[in-house]
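Student: Below is one structure. I have some questions about it.
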Amino acid sequence: MSKSSLKVVVRVALPVPLGQLFDYLATENETVPRPGMRVLVNFGHRKMVGVIVEISDKSNLPFEKLASVIAYPDGEQTVLSSETLALLKWCWRYYKHAPGEVVFSALPPLLRKIDGVIPPPSLQYRLTTAGEDRLGEAPGRIKAQFRLLEEMREGPVTQLQLRPVSSAWRKTLSRLLEQKWVFSEAQTAAELNPVPGPALLDEQRDAVTAISKTLGGFHCHLLDGITGSGKTEVYLCLLEHVLKQGGQALLLVPEIGLTPQLLKRFKRRLGFEPVVTHSGLSEGQRLKAWTMAKNGLARLVIGTRSALFLPMPQLQLIILDEEHDASFKQQDGFRYSSRDVAVKRAAGLGVPVVLGTATPSLETFNNAATDRYSWHRLRQRATGASEPRWRVLDLIQQTMTGGISATAMKAIGETLARGEQALVFLNRRGYAPVILCHECGWHAACQRCDANMTWHKATRRLLCHHCDSSARVPVMCPECGADALQGAGEGTEQLEQMLGKAFPETPLLRFDRDTVRKKGEFDRLSEQVKTGEPCLLVGTQMLAKGHHFPQVTLVVIVNLDQALYSADFRALERMGQLMVQVAGRAGRDKLAGEVMLQTHYPQHESLLRLLSSGYEAFASDISEDRRAACLPPHSYQALLRSDAHNKEEVRAFLNQAKQCFPTGDAMVYGPFPAMMERRSGRTRWYLLVQAARRLTLHRQLDQWVLQLPKVPSARKVRWAVDVDPQDY
Ligand code: ADP
Ligand code: ZN
Ligand code: ZN
């Protein structure tokens, strides 16, 4: 046998934007390479971390040309299980994205680095019999040591728990270990210690029973429950069930849904601290969460989008809360839908997945309507509160003050006079969405985007909400020099000012990205709302999600008309979701609520349908409209997006790309300018690919993506494929 035939080839994923894996020769030392292990290799002139995806005895390159692995930084430990690797492989094929970037998105940031290491198993500390005896006596002169012993009275504790006891805890602890009053052992998972929840309503119980029956196998569930119907309570029952059996569970929430309130509720009910992870944590914290998930110490992980790829060897249940939320779709780089990948992961693992929402996305709605998913409806509010009443205010007939109609103003006044709370919703922050000159018609537009600059009066700035460009507010018109600049339209800042003047006695809380910048600020504001004292809330969609404000009995939706006639076919769906979510804040407790919708189109068919028959009927209607128009979810789409400083280059690239689109049932359309053609100084266009069947779409896309890098102007522009796009 020749020497080379004994060689082991490792196929490595490297974090580079290239559509391939890279072959290296395994080093001939003790370490046996396996898929999922990290390696250190030379790539070009750089040393890089990679992850082994496959092992082979062959390569497309001659062995002499292959470089060897430099090192295995984690020994034989893997960072990705075969389960996760298979999922990631599916992802890069399905989303047509560079394998290395997909694989690396599943690693905690520290392990993407050369000097990152997998932390050793965490320890916990427990009393010995001698330690227990000592604790039985008086503290005497060893006060510091005694304090640590006391921490261990109820059971083992971790370093994390000892740290706050004293600044010298480390030294004190080693004294205790020396004296054999305490010993260390590998940390064990926190004990489940659930307190009983409320007796479930029939609908809740039916959902829990049906979903529990599917544990141990793959099954998709839509938990379609109106706000306040007790969806979270259903999750808790399911989680308790899974955790009792020793399983792990994963709960994915939208970016804004991960609040201390939610965590407190889970901790209180389950009796232990869930592990939390999201992109706002430090790299160290994320690595810690990853490690705990991997070694099973994390029984329950609650996290945003990126938590989906955590290693969880005993994962038995995946829940996605607010499945319709746009933040589950990654909008740049590796563009994936964490909802869809969650379903895929559940399928691969053979476990159930629960998608919870009050307003299902049409994709999920369609899957439930065609029986691919089980559909569990919760239509009763668990607290016994009735659903809010809708009232449509025709703006043509109303006198307006700063965006609010006289009728709505009166209702706000009455609500506050009754000692209740009112919420005014407007999805636009700042003082005014545009500033213009009444002499010559000049208006402040962003130089880098097709957008107006928003006037932020308090900070005296003009801000572009799309690229963060900012400028001072001019005093005189820069065009004609007239002293005639005025804002047009309203933002939350203006509403706050206007309402503050109209109701000077009432505390006013504004919730938007300008007022809620710091972590914890949202909770501080919502705590104030929860005291139940009369107050006025003004805010953007930040207010639409998950929060229970029992004393809010009036919601005023200032304006959503834009969505009614938008060029984006999903605008109507999103408007319906937002309306129902915002309305869901009203009258959650014993008090009945009212929602006032201000609109110029009170006769709009979909609006009427939503208000008279509810979200399910509304969704069913727009789903039929989309079927007639062959739009998703009744067809499948992908985009080839491209952008560059030069518009002609973008168009040239897309036209060339269109030429090489393979023939078949999937059709390619365009090039079209993006909804916002210019953004951050770059011009953005796209080609749309659409097919009636997913399979045909992918078959042609797979051929196409091999051709795209060879398109003559591919190097002059940025381009990316977006499968199942959500925006255009
Ligand atoms: P959702 O997640 O659907 O908005 P939650 O689970 O947060 O609903 O429930 C809304 C409120 O109703 C919470 O205060 C919750 O404690 C309460 N609740 C839920 N289920 C019940 C029940 N079966 N009996 C009494 N109260 C309940
Ligand atoms: Zn002017
Ligand atoms: Zn801009």
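The values are calculated or read from the model by the stated rules, or taken from the named source; none is laboratory data. None of these values were measured; they are calculated from a predicted model. Positions of Cβ are backbone-derived with ideal geometry, glycine not excepted, and every protein chain shown enters the neighbour counts. The protein model used for the area step is the full one, side chains on, heavy atoms only, and it has no ligands, DNA or RNA in it. Shrake-Rupley method; radii C 1.70, N 1.55, O 1.52, S 1.80 Å.
Student: Considering (1) within 27 Å of residue 244 (Cβ to Cβ); (2) at pLDDT 95 or above; (3) outside any strand (DSSP E or B), say which one residue 372 fails and leave the rest.
Tutor: (1)
Student: A follow-up question, please. Spot the failing condition for residue 510; the list is (1) more than 16 Å from ligand 2 (Cβ to nearest atom); (2) open to solvent by less than 20 Å² (accessible area, probe 1.4 Å); (3) at pLDDT 90 or above; (4) not small (Gly, Ala, Ser), and only one is missed.
Tutor: Every listed condition holds for residue 510 apart from (2).
Student: Here are 565, 601: which of them is open to solvent by 50 Å² or more (accessible area, probe 1.4 Å) and in contact with a Leu (Cβ under 7 Å, 6 or more places away or on another chain)?
Tutor: After applying the criteria, what remains is 601.
Student: Still on this structure, please answer the following. For region 483-512, give me the residue count where each residue is of a type outside the set (A, V, I, L, M) and either within 16 Å of ligand 3 (Cβ to nearest atom) or not in a loop (DSSP other than H, G, I, E, B) (or both).
Tutor: Just the residues of region 483-512 that are of a type outside the set (A, V, I, L, M), to begin with: 483, 486-487, 489-494, 496-497, 500-501, 503-507, 510-512.
Narrowing further to those that are either within 16 Å of ligand 3 (Cβ to nearest atom) or not in a loop (DSSP other than H, G, I, E, B) (or both): 486-487, 492-494, 496-497, 500-501, 510-511.
Result for region 483-512: 11.
Student: Moving to a separate point now. List the strands (runs of 3 or more DSSP E) that sit entirely inside region 1-110 and contain at least 1 residues that are without any contact (Cβ under 8 Å) to a residue 12 or more places away in the chain.
Tutor: By residue number, 46-56.
Student: Let me ask something else. Could you tell me which of the residues 47, 65 is exposed (fewer than 13 other Cβ atoms within 10 Å of the Cβ) and modelled with pLDDT of 95 or more?
Tutor: After ruling out the rest, the residue left standing is 47.
Student: Out of (1) closer than 26 Å to residue 409 by Cβ; (2) within 16 Å of ligand 2 (Cβ to nearest atom); (3) without any contact (Cβ under 8 Å) to a residue 24 or more places away in the chain, the odd one out for residue 504 is which?
Tutor: Result: residue 504 passes all but (2).
Student: Continuing with this model, one more query. For residues that are part of a strand (DSSP E or B), open to solvent by 10 Å² or more (accessible area, probe 1.4 Å) and over 26 Å from residue 685 (Cβ atoms), scanning just region 432-455, find the one that is farthest from ligand 3 (Cβ to nearest atom).
Tutor: Going through the qualifying residues, I end up with 436.
Student: In region 103-140, which residues are within 25 Å of the chain's Cα centre (by Cα) and either open to solvent by less than 30 Å² (accessible area, probe 1.4 Å) or closer than 14 Å to residue 288 by Cβ (or both)?
Tutor: 103, 104, 106, 107, 108, 109, 110, 111
Student: Need pairs with beta-carbon distance below 6 Å; first residue more than 9 Å from residue 374 (Cβ to Cβ) and within region 203-216, second assigned to a helix (DSSP H, G or I) and open to solvent by 70 Å² or more (accessible area, probe 1.4 Å); sequence gap 6+ or separate chains.
Tutor: 212/241
Student: A follow-up question, please. Of all residues in region 460-486, which are more than 23 Å from residue 679 (Cβ to Cβ) and either surrounded by 16 or more Cβ atoms within 10 Å (Cβ to Cβ) or more than 16 Å from ligand 2 (Cβ to nearest atom) (or both)?
Tutor: 460, 477, 485
Student: Quick one: in region 525-557, of everything that is β-branched (Val, Ile, Thr) and open to solvent by 10 Å² or more (accessible area, probe 1.4 Å), which residue is modelled with the lowest pLDDT?
Tutor: The qualifying residue modelled with the lowest pLDDT is 531.
Student: Within region 622-633, can one find any residue that is within 16 Å of ligand 3 (Cβ to nearest atom), in contact (Cβ under 8 Å) with a residue 60 or more places away in the chain, in contact with a Lys or Arg (Cβ under 8 Å, 6 or more places away or on another chain) and not aromatic (Phe, Trp, Tyr)?
Tutor: no
Student: Name every residue in region 260-296 that is aliphatic (A, V, I, L, M) and crowded, with 20+ Cβ neighbours inside 10 Å, in order of residue number. Full working, then the answer.
Tutor: Here is the first cut: in region 260-296, the residues aliphatic (A, V, I, L, M) are 262-263, 270, 275-276, 281, 287, 289, 292-293.
Within region 260-296, 270, 275, 276, 287, 289, 292, 293 qualify.
Student: Does any residue of region 410-420 turn out to be closer than 21 Å to residue 540 by Cα and in a strand (DSSP E or B)?
Tutor: No, region 410-420 contains no residue that is closer than 21 Å to residue 540 by Cα and in a strand (DSSP E or B).
Student: Continuing with the same structure: With respect to the numbered conditions (1) under 27 Å from residue 205 (Cα atoms); (2) part of a helix (DSSP H, G or I); (3) among the charged types (D, E, K, R); (4) modelled with pLDDT under 95, which one is the sole condition not fulfilled by residue 233?
Tutor: Against the list (1) under 27 Å from residue 205 (Cα atoms); (2) part of a helix (DSSP H, G or I); (3) among the charged types (D, E, K, R); (4) modelled with pLDDT under 95, residue 233 comes up short only on (4).
Student: Can you tell me how many residues in region 526-563 are of a type in the set (A, V, I, L, M) and assigned to a helix (DSSP H, G or I)?
Tutor: Qualifying residue count, region 526-563: 5.
Student: Can you tell me how many residues within region 316-331 are over 13 Å from residue 363 (Cβ atoms), open to solvent by 20 Å² or more (accessible area, probe 1.4 Å) and in contact (Cβ under 8 Å) with a residue 60 or more places away in the chain?
Tutor: Counting residues in region 316-331 that are over 13 Å from residue 363 (Cβ atoms), open to solvent by 20 Å² or more (accessible area, probe 1.4 Å) and in contact (Cβ under 8 Å) with a residue 60 or more places away in the chain gives 5.
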